[in-house]
Amino acid sequence: GGAKFKPPSDINDVFLVKVDNPSRQYCLNIEEHITNLGFLYEMREAEVDDLPELLKISAEHSQVKHIMVVGSRHEGSSTVTIASRRPNGVVEDFHEIPLPQAMAQLRDPDQALANR
């Protein structure tokens, strides 16, 4: 695990992880949307088995604000799995939320934390 992470350029950057079948249109649409917002920090593709390790590394070694996971299981429910970094630098637990809510959280992270 010697992955090098460049520091995020913006406090709102998203580390996007695509699982299962990364070429699915749902995943591509989300990636494109985050890119258009200017928030894409890095995109990785992962197997489900590798996911916990990758997420742990990305949470600990990058200072990226949001870590988002999208895969085939999210497509049917139009959700994503997301974890955001709290002001103290700790990444919260991953939770699955509707895609529109996730996108709103990217645009206004403080509001999302206030809604918990």
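Quick rundown of the values:
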| quantity | calculated |
| --- | --- |
| Shape call, the range 27-116: gyration tensor on alpha carbons, a/c limit 1.5 | rounded |
| Value of relative contact order over the range 26-96, rounded to a whole percent, pairs C-alpha under 8 Å and six or more apart | 21 |
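Each reported figure results from applying straightforward, stated rules to the coordinates on display, with no laboratory input. These figures come from a predicted structure and were not determined experimentally.
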